[in-house]
């Protein structure tokens, strides 16, 4: 007989304790278990969000990783936390937190001013030392154009520039994103 996700996890297990269970600050730890838990019990998202401000950077990194994976599957789970997540973008200093927020924020349903605010913050992160952060910023900006089409010319120009002068990862991501953004719309049949 199969077991559900909820049957295999201790019901009283604290999300923060699960996220603290990692060998190093950058280890994945129990991220897959927490992703499954939050997807099965979306009300636990509030405890996960609190972990983004934890004193332990490993907990913060793993919480951001979980939110990225959850938002990729079910972005609506984060809807009530939009304001907190957008506010966190302005203070995020940790590389791993930045790259996850760069991917998460465009998945939220944003107003046009919020899209502009996110785009402005992502532009600032293009100066980050981390190539991963910068590559995720390019992805985030491209994703934002789905909600705010007025960003498209600016993002396409940036991708063209980074496709020539960025790090190898940025050049590759820029080429892939340009291919998608510049593809002509399908003809109606």
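We did not get these values from a lab; they are worked out from the coordinates using the rules stated. Remember, it's a predicted structure, so these values are computed and weren't measured experimentally. Cβ placement follows ideal geometry from the backbone for every residue including glycine, while neighbour counts extend to all protein chains displayed.
A few notes on this one:
- Rounded to the nearest 10 degrees, the angle from helix 168-181 to the longest Cα principal axis of the chain is 70 degrees.
- Rh by Kirkwood over Cα pairs, then Stokes-Einstein D for the stretch 97-189 at 1.002 mPa s and 20 °C, µm²/s: 161 µm²/s
- Modelled FRET efficiency - R0 25 Å, residue 176 with residue 57, Cβ distances, 0.05 increments: 0.25
- Cα-based helix-to-principal-axis angle, 82-91 vs the chain, degrees rounded to 10: 70 degrees
- Reported label for calculated Rg and Dmax of the Cα atoms in Å given [x] 17.7, 56; [y] 19.0, 64; [z] 16.1, 50: [x]
- Cα gyration tensor, the stretch 80-137 - rounded (a/c under 1.5), prolate or oblate: prolate
- Chain lengthening between residue 152 and residue 90 when straightened (0.36 nm per residue, less Cα-Cα): 20.0 nm
- Relative to the dominant Cα principal axis of the chain, helix 112-125 is inclined by about 90°.
- Distance histogram for the stretch 13-84 (every C-alpha pair counted, 10 angstrom bins, percent rounded to whole numbers): 23, 58, 19, 0
- Result for the chain in a Gaussian network model with C-alpha springs under 10 Å: among 138, 178, 122, the largest mean-square fluctuation is at 178.
- Protection proxy ranking, peptides 85-93, 44-52, average beta carbon neighbours within 10 Å, highest first: 44-52, 85-93
- FRET efficiency, residue 164 to residue 116 (Cβ-Cβ, R0 22 Å, nearest 0.05): 0.25
- Extended-chain gain in nm, criterion 0.36 nm per residue less alpha-carbon gap, residue 20 and residue 132: 38.0 nm
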